[in-house]
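Visitor: I'd like to ask you about the structure that follows.
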Amino acid sequence: MEDTAPVGVIHGRFQILHHDHVRYLLAGKALCRHLVVGITNPEPALSADDETDPTRSDPSANPLTYYERHVMVRRALEAHGVSLQEFSIVPFPVNFPDRYRYYVPLDAVFFLTIYDDWGRKKLRLFRSLGLRTHVLWEKPPHEKGISASDVRRRIREGLPWEHLVPETTAELVTAWKIAERL
């Protein structure tokens, strides 16, 4: 890949945005002039079950709305010095490749990380569609780091969780009373 692509696309559910998500977003941004952040599972109709990650479409794994995740991502990127002109945030129905063209530029570089079969499946899918891909890193599941499901569990159980998320995310989770939804 050239040093800096004009446009990159990166994606995730961000249910709840945590420090490792931000590291992932910033790694993608470092490789492009404009980063399009695709929020997957933006609504139930644009979510689908997948045998490689059966819980990803479960309502309990998706407590935040698209809008809430949009605000979390925007505030975290701004807090890390990324200007609004350097990124866009859009819905990204990852399980519906026939709809990608309506949400993201298909001539961009698609960034992803791989920890499991779900990541490998997405890489194969993107490549089968002729999309340019760049794997930021590939690690075994036990090296993944923070998981959003663990953050949600900690919030639900009243355990410390704020240290796992950006300050802006902690403020929003508290203000929006997300704990009551979990």
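Visitor: Calculate for the chain the 222 nm mean residue ellipticity that helices alone would give, adding -39,500 (n - 2.57) per DSSP H run of length 4 or more and normalising by residue count, nearest 500 deg cm²/dmol. Please report the intermediate quantities before stating the final value.
Guide: Values: 5 runs with 56 residues, N = 182.
That calculation yields -9500 deg cm²/dmol at 222 nm.
Visitor: Now a separate question. Please count, across the chain, the pairs of lysine residues with Cα atoms under 30 Å apart that sit 8 or more places apart or on different chains.
Guide: The number of close lysine pairs in the chain is 9.
Visitor: Within the set of other residues whose C-beta is less than 13 Å from the C-beta of Gly145, count the net charge using Lys and Arg as +1 and Asp and Glu as -1.
Guide: 0
Visitor: Expressed as a whole number of Å, what is the distance separating the alpha-carbon centroids of the range 63-85 and the range 143-158?
Guide: 19
Visitor: Quick check: the angle from helix 117-128's long axis to the longest principal axis of the chain, C-alpha only, nearest 10 degrees?
Guide: For helix 117-128, the angle is close to 30 degrees.
Visitor: Can you tell me the relative contact order of the chain? Whole percent, Cα pairs under 8 Å, sequence separation 6 or more.
Guide: 27
Visitor: Still on this structure, please answer the following. If I stretch the segment between Glu157 and Glu43 completely, what's the gain in nm (0.36 nm per residue apart, minus their alpha carbon distance), one decimal?
Guide: Computed gain between Glu157 and Glu43 is 38.5 nm.
Only the coordinates and a few stated rules stand behind these numbers; no lab work does. Just so it is clear, the model here is predicted, and its values are computed rather than measured. Every residue, glycine as well, gets a Cβ built from its backbone with ideal geometry; the counts of neighbours run over all protein chains shown.
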